[in-house]
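Engineer: Let me give you the structure first, and then I'll get to my questions.
The values are calculated or read from the model by the stated rules, or taken from the named source; none is laboratory data. Note that this is a predicted model, so its numbers are computed, not measured. With ideal geometry, Cβ positions are generated from the backbone for all residues, glycine too; neighbour counts draw on all protein chains shown. Remember, those area values only see protein heavy atoms, side chains included, never the ligands or the DNA or RNA. Shrake-Rupley method; radii C 1.70, N 1.55, O 1.52, S 1.80 Å.
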Amino acid sequence: MHRVANMFDVIWRKRELRMRLTDRIHLYSRLSLYLRSGIPIRETLGLIYGSARKKGDIHILRQVEKAVLHGTSLEHALGSFPNAFPAFETHLIGIGEHSGSLPQNLAYLASLLVRRRTLVRKLRGALLYPCVIVLGTISVTSFLLLYTFPKIVPIFEGLNTPLPLSTRSLILISTLVTEHGLIVFLSFCTLSASIFWLTRLPQVPRYFERMTLRTPLLKELVRGYNLALISRTLSTLLASGITLVAALEHVGSGIRNKEYREALKDVGNRINEGRRLSVAFGVYTMLFPHTFVELIAAGESTGMLSSSLRTSAEAYEEELDESTRILATLIEPGLMIAMGLLVGFIAMAIITPIYSITQNATFR
């Protein structure tokens, strides 16, 4: 019985021991606020743990509080939950602990995560409306094909008159779905599973990433998002005292796009060889445009690299905002036209035979 309980406890921990981005922002902000107010870290963790509501967060904060009370650093206490706290976040906290600037680093981190959340919400907002339109189109089409059209088909078949190609096509599709629904469903599941399996292959996502970086408008969206994220994160890490090579390594670990991740890794290697950051970035002209490299070069020349990166982040965040608005503006009419054509095709396939029958009846 004890082994079963332990097994369920392990399963629960694997499933629950994560912390959402919003909850981490709230945690870092409160830690920074309490520490700035002069409250010791142990009492601060007790206050935050006492106000937690989610089971996973309560368990994490309880274990972190116990570890800190036993003399463990906050960096290592949080680092024992890698699924909840990414490595670059705990490393930034560790830098703050060693340099005596923990409240400032926590504030930097909270601000950085707020910016990251804003970028993600902008992208989701740009894609939400097209998804709603597509789902609406599928729902209307399914209703007409599966409910309305089968009720009219017997009328058409009983008239023994030639039907338009559109009507015959819909009859074929409707019959296939209603009479062989299981086969259609299994085929759809097989196709979905095959697509999912293909996306798990490393070559396929890499191919799509390269294609998006060569597609107009999508290229601006993907590049703007990654450059804003890289600039903001790198600026925050450098301002907190992390070395350039270590900062590039941490930024790369937080980037999902493999093209940018490998480029950042290579840039770090070039820095170790003695090259300037702007020169290393300038090698990848498709990923890092000339304006970005110029800002980096200006920051290196003036000794204000962190400030230049912050300016770059603000510029690309504004550009990303504009790109999402343009994307929504272009997609909306296109989807509406596609939805109108599809529903109109089905409506004409239903109305045309009825109109033909009515005309023949009138002439007779």
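Engineer: If R232 satisfies all but one of (1) touching a helix residue (DSSP H, G or I) at 6+ places or on another chain (Cβ under 7 Å); (2) basic (K, R); (3) exposed (fewer than 15 other Cβ atoms within 10 Å of the Cβ), what's the number of the condition it fails?
Structural biologist: (3)
Engineer: Determine whether R15 is assigned to a helix (DSSP H, G or I), of a type in the set (K, R) and either open to solvent by 60 Å² or more (accessible area, probe 1.4 Å) or at pLDDT below 85 (or both). Don't jump to the end; show me each part of the working.
Structural biologist: Details: assigned to a helix (DSSP H, G or I): yes; of a type in the set (K, R): yes; either open to solvent by 60 Å² or more (accessible area, probe 1.4 Å) or at pLDDT below 85 (or both): yes.
For R15, the condition - assigned to a helix (DSSP H, G or I), of a type in the set (K, R) and either open to solvent by 60 Å² or more (accessible area, probe 1.4 Å) or at pLDDT below 85 (or both) - is met.
Here's the yes/no breakdown for (1) among the small types (G, A, S); (2) in contact (Cβ under 8 Å) with a residue 12 or more places away in the chain:
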residue: F185; (1), (2): no, no
residue: S192; (1), (2): yes, no
residue: V204; (1), (2): no, no
residue: T212; (1), (2): no, no
residue: T236; (1), (2): no, yes
residue: A239; (1), (2): yes, yes
residue: I242; (1), (2): no, yes
residue: V245; (1), (2): no, yes
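Engineer: Test each condition in (1) over 26 Å from R117 (Cα atoms); (2) open to solvent by less than 50 Å² (accessible area, probe 1.4 Å); (3) in a loop (DSSP other than H, G, I, E, B) for G46 and report the one that comes out false.
Structural biologist: (3)
Engineer: Filter the stretch 49-58 for residues that are assigned to a helix (DSSP H, G or I) and either of a type in the set (V, I, T) or in contact with a helix residue (DSSP H, G or I) (Cβ under 7 Å, 6 or more places away or on another chain) (or both); which is surrounded by the most Cβ atoms within 10 Å (Cβ to Cβ)? It would help to see each step written out before you state the result.
Structural biologist: So in the stretch 49-58, the residues assigned to a helix (DSSP H, G or I) come out as 49-50, 55-58.
Filter once more, keeping what is either of a type in the set (V, I, T) or in contact with a helix residue (DSSP H, G or I) (Cβ under 7 Å, 6 or more places away or on another chain) (or both): 49, 55-58.
On the way: Y49: 18, K55: 10, G56: 20, D57: 23, I58: 15.
Going through the qualifying residues, I end up with D57.
Conditions (1) over 22 Å from the mean Cα position of the chain (by Cα); (2) modelled with pLDDT of 85 or more; (3) not in a helix (DSSP H, G or I), marked per residue:
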{"position": "V10", "(1), (2), (3)": "yes, no, no"}
{"position": "I39", "(1), (2), (3)": "yes, yes, yes"}
{"position": "I60", "(1), (2), (3)": "yes, yes, no"}
{"position": "Q63", "(1), (2), (3)": "yes, yes, no"}
{"position": "A67", "(1), (2), (3)": "yes, yes, no"}
{"position": "E75", "(1), (2), (3)": "yes, yes, no"}
{"position": "H91", "(1), (2), (3)": "yes, no, no"}
{"position": "E97", "(1), (2), (3)": "yes, no, no"}
{"position": "A110", "(1), (2), (3)": "no, yes, no"}
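Engineer: Residues being among the polar types (S, T, N, Q) and not in a helix (DSSP H, G or I): count how many of those fall in the stretch 225-249.
Structural biologist: 2
Engineer: Just to be sure, is T148 of a type in the set (V, I, T), part of a helix (DSSP H, G or I) and open to solvent by 70 Å² or more (accessible area, probe 1.4 Å)? Reasoning before the result, please.
Structural biologist: Numbers: of a type in the set (V, I, T): yes; part of a helix (DSSP H, G or I): yes; open to solvent by 70 Å² or more (accessible area, probe 1.4 Å): no.
Considered against the rule, which asks whether it is of a type in the set (V, I, T), part of a helix (DSSP H, G or I) and open to solvent by 70 Å² or more (accessible area, probe 1.4 Å), T148 comes out as no.
Engineer: So which helices (runs of 4 or more DSSP H) are wholly in the stretch 155-224 and hold at least 2 residues that are closer than 30 Å to T329 by Cβ and either at pLDDT 80 or above or out of contact with any strand residue (DSSP E or B) (no Cβ under 9 Å at 6 or more places or on another chain) (or both)? Spell out the reasoning first.
Structural biologist: Values: elements: 165-179, 181-200, 203-212.
Where helices (runs of 4 or more DSSP H) fall fully within the stretch 155-224 and carry at least 2 residues being closer than 30 Å to T329 by Cβ and either at pLDDT 80 or above or out of contact with any strand residue (DSSP E or B) (no Cβ under 9 Å at 6 or more places or on another chain) (or both), they are 181-200, 203-212.
Engineer: With the condition kept exactly as written, say whether any residue in the stretch 155-165 is farther than 30 Å from G340 by Cβ and touching a helix residue (DSSP H, G or I) at 6+ places or on another chain (Cβ under 6 Å).
Structural biologist: Keep residues of the stretch 155-165 that are farther than 30 Å from G340 by Cβ, which gives 158, 160.
Next cut, touching a helix residue (DSSP H, G or I) at 6+ places or on another chain (Cβ under 6 Å) only: none.
No: the stretch 155-165 contains no residue that is farther than 30 Å from G340 by Cβ and touching a helix residue (DSSP H, G or I) at 6+ places or on another chain (Cβ under 6 Å).
Engineer: Would you kindly identify the helices (runs of 4 or more DSSP H) lying entirely within the stretch 250-364 that contain at least 1 residues that are touching a Ser or Thr at 6+ places or on another chain (Cβ under 9 Å) and open to solvent by 70 Å² or more (accessible area, probe 1.4 Å)?
Structural biologist: On the way: elements: 258-272, 277-282, 290-302, 305-363.
In the stretch 250-364, 258-272, 290-302, 305-363 are the helices (runs of 4 or more DSSP H) which contain 1 or more residues that are touching a Ser or Thr at 6+ places or on another chain (Cβ under 9 Å) and open to solvent by 70 Å² or more (accessible area, probe 1.4 Å).
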